[in-house]
Amino acid sequence: MTQITPQPGIMDIALYQGGAAHVAGVSNTIKLSSNENPLGPSPLAITAMQEAAATMHRHPSSDHLALRQAIGSVEGLNPDQIICGAGSDEIIAFLCQCYAGPGDEVLYTEHGFAMYRISALAAGATPVEVKERERVTDVDALLAGCTARTKLVFIANPNNPTGTMISAAEVARLADGLPGGALLVLDGAYAEYVEGFDAGAALMAERDNVFMTRTFSKIYGLGGARVGWGYGPAAIIDVLNRVRGPFNVSSTALAGAEAAVRDRAYIDRSRAENAKWRSWLSQALAELGIASDTSCTNFILARFADQAEAEACDTYLQAQGLIVRRVAGYRLPCALRITIGDEAACRKLVAAIAGFKSEQGTA
């Protein structure tokens with residue numbers, strides 16, 4: 001009997017596990033596991049998607065021109081150097097498919113987004129994990145990890161799940177130190193949470209080895225619509241478009257994303273609310289003896305004494321209807337990643353953790 005087998009590397013991929021959304025036997029849960037905007041999407045985006053639904057029998061634009069122009073206008077970028085995808089995950093996959101294969105290496109940091117490794121293996125390339133320094137991207141370690149086989153270097157800035165980020169000067173030093181033929185990919189999924197931050201776009205003006213990915217899933221509140229985009233040298237955009245499916249983003253998603261990116265007042269409000277409750281939550285956790293690094297995102301990486309305490313706290317929170325994210329899979333077994341919710345969610349979370357610590361102290 002003929003044995004049908006997948007390409008090398010595929011079976012080395014561990015199935016991606018998203019943040020849980022339900023707890024068995026518990027109703028009225030609060031989901032703080034997937035870094036979603038608690039305010040939801042812009043009302044203008046909802047209206048645009050509702051209107052677009054009336055023409056769902058028509059194929060969407062294959063060039064995404066209206067959305068690319070909207071992004072270009074808001075971000076001050078050339079629309080011709082923008083590519084849109086089904087989430088930034090798809091753009092990451094395109095990059096690996098086009099620029100890495102058997103015999104090539106793809107670098108990323110030890111606590112980096114799981115899709116870097118998955119997409120590298122799917123392309124037949126070798127994933128190479130590089131150490132961070134106290135949960136912060138280490139440029140020297142990345143440069144030391146490069147070889148003649150290095151084709152892609154991924155960093156998220158700010159990073160998920162640590163919430164930390166490095167300076168523009170450090171990113172520039174990394175880009176300038178890469179070997180010839182290697183592309184630096186800046187994952188800016190959380191860039192909008194840093195006021196005035198361009199996610200590295202300015203670095204590209206004088207370099208042809210830097211590419212940026214962005215998403216509508218976080219501050220824009222469109223995680224369910226699956227829209228992302230990438231920006232980089234025209235030659236790379238041309239390559240990626242050659243493997244992109246012609247209708248990879250739906251018409252409703254395109255309409256919602258265009259309205260969302262233009263609604264700057266809503267984004268400003270979302271950023272301000274996130275910063276307010278992120279500060280409150282980090283301070284409240286610190287008062288309970290739970291440390292965290294300064295976060296530049298919409299989540300906090302809460303660190304516990306050991307893995308047992310982190311898991312016990314998670315179990316306790318689930319019983320209270322609060323869902324956070326264990327991150328042992330990101331080599332952070334002693335931590336829990338907690339999305340910044342609205343005021344009610346943050347207060348309920350702190351009260352629950354206080355209850356857990358109290359019970360732990362009397363155990």
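No lab work stands behind these numbers, since they all come straight from the coordinates. Worth saying up front: this structure is predicted, and the values here are computed from it rather than measured. Every residue, glycine as well, gets a Cβ built from its backbone with ideal geometry; the counts of neighbours run over all protein chains shown.
Model label sites at A66 and A14, defined 7 Å from Cα along the beta-carbon direction, differ in position by 4.2 nm. Residue order for R68, R214, fewest other beta carbons within 10 angstrom first, comes to R68, R214. Taking a straight line from the alpha carbon of K31, these aspartates and glutamates sit under 20 Å away, with near neighbours fewer than eight places off in the same chain left out: E273, E311, D314, D342, E343. Considering only A205, M56, I155, and ranking their Cα positions along the charge dipole of the range 43-263 that arises from unit charges at the beta-carbon of Lys, Arg, Asp and Glu, the one farthest toward the positive end is M56. Sorted fewest first by neighbouring Cβ atoms within 10 angstrom, V26, V249 come out as V26, V249.
Taking 18 Å as the straight-line reach from the Cα of K276, the lysines in range (excluding those fewer than 8 positions away in the same chain) are K218, K348. Structure remark: mean-square fluctuation, Gaussian network model of the chain, C-alpha springs under 10 Å; the largest value among K151, K276, K218 belongs to K276. Comparing E258, E343, E287 in a Gaussian network model of the chain (Cα springs below 10 Å), the most mobile by mean-square fluctuation is E287.
Between E359 and I46, the FRET efficiency from the beta-carbon distance, with R0 = 35 Å, is close to 0.25. Our summary gives the chain a relative contact order of 24 percent, counting only alpha carbon pairs under 8 angstrom and 6 or more residues apart. Spacing of the modelled spin labels on E129 and T29, each 7 Å from Cα toward Cβ, amounts to 2.6 nm. For the range 43-263, a crude dipole built from +1 on the beta carbon of Lys and Arg and -1 on the beta carbon of Asp and Glu, taken about the Cα centre, is about 480 debye to the nearest 20. Mean-square fluctuations from a GNM of the chain, with a 10 angstrom spring cutoff on Cα atoms, peak among A302, A265, A255 at A265.
From helices alone, the chain scores -12000 deg cm²/dmol at 222 nm; the rule is -39500 (n - 2.57) for each run of n ≥ 4 DSSP H residues, then divide by the residue total. Size descriptors for the chain, from the alpha-carbon set: Rg then Dmax equal 20.7, 64 Å. Counting only residues at least eight positions apart within a chain, or on another chain, the aspartates and glutamates with an alpha carbon under 19 Å from that of K131 are E105, E110, D140, E170, D187, D293.
With a cut-off of 14 Å between beta carbons, the residues surrounding T150 carry a summed charge of -1, where Lys and Arg count +1 and Asp and Glu -1.
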